[in-house]
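Everything on this sheet refers to the single structure shown next.
Readers should treat all values here as calculations from the given coordinates under stated rules, not as data from a laboratory. Note that this is a predicted model, so its numbers are computed, not measured. A quick note on method: Cβ atoms are made from the backbone with ideal geometry, for glycine too, and the neighbour counts reach across all protein chains shown.
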Amino acid sequence: MRIIGLDPGLRATGWGVILAEGNRLSHVAHGTIRTNPDDELAWRLRTVHDALTEIIAEWQPQAAAVEETFVNKNPSSTLKLGQVRGVVLLAPAQAGLPVAEYAPTEVKKAVVGTGAADKDQVHAMVRRLLPGVTVTGADAADALAVAICHAHNAATARRVLAAAAKAAPVRIGR
């Protein structure tokens, strides 16, 4: 399954595409969408939307995963982050992709093993889990971590469903 991970931000939105085949993960592409801080908010949101639409069309992911945001001390910043997050959720949904959301602690736990990991630990594990990749920026590394988190969660869900199907009694007749 090809997964796009997204780390929303108004200044910089990170994105990363991975391929998950069973337990094997491989890097496909990653990058950062940057907006011009001098532009009006609507144009910055459009920049993010248009770029994500192009990225999704180019890399053809089958699922999307978005990092949830935390409440900032500055209400204005929190509101703007919420607006860009809405755009980041919308773009893959418009492309017909299922969209999952993960809290930062979930992402850290899936990638590092603890929800209290710092960014350097997460980025080091992204490099370890995706051998040979040179990540070009913190936002893209975070997005790849979100994609890895989704791959791990999807694999676990498949195993649980398979076990449940195997354990279900087979009924013949009435």
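Can you give the % of DSSP beta bridges in the chain that are antiparallel, to the nearest 5? Walk me through the intermediate numbers first.
Details: 16 of 24 bridges.
The antiparallel fraction comes to roughly 65 percent.
Provide L144, L52, L97, L79 in ascending order of the number of other Cβ atoms located within 10 Å of each residue's Cβ, fewest first.
The fewest-first ordering by Cβ neighbours comes to L79, L97, L52, L144.
Among the lysines, select those whose C-alpha is under 20 Å from the C-alpha of K108, and discard any that sit fewer than 8 residues away in the same chain.
K119
Counting other Cβ atoms within 10 Å of each Cβ, which chymotrypsin sites (Phe, Trp or Tyr not before Pro) in segment 1-89 have at most 12 and sit in a DSSP loop? Spell out each step's value before the answer.
Details: sites: W15, W43, W59, F70; in loops: F70.
Answer in residue order: F70.
Suppose only helical runs count, i.e. DSSP H with n ≥ 4. What mean residue ellipticity at 222 nm does that imply for the chain under -39500 (n - 2.57) per run, divided by all residues and rounded to the nearest 500 deg cm²/dmol?
-17000 deg cm²/dmol
How big is the shadow of the Cα convex hull of the chain, averaged over all directions, in nm²?
Averaging across all directions leaves 12.7 nm² for the Cα convex hull.
Scanning the chain for helices, which whole DSSP H stretches are 24 Å or more long along the axis (Cα) and average 1.6 or more by Kyte-Doolittle?
Details: long enough: 41-59 (27 Å, 0.22); 75-94 (28 Å, 0.49); 138-167 (43 Å, 0.65).
For the chain, where a helix must reach 24 Å along its axis and average at least 1.6, there are no hits.
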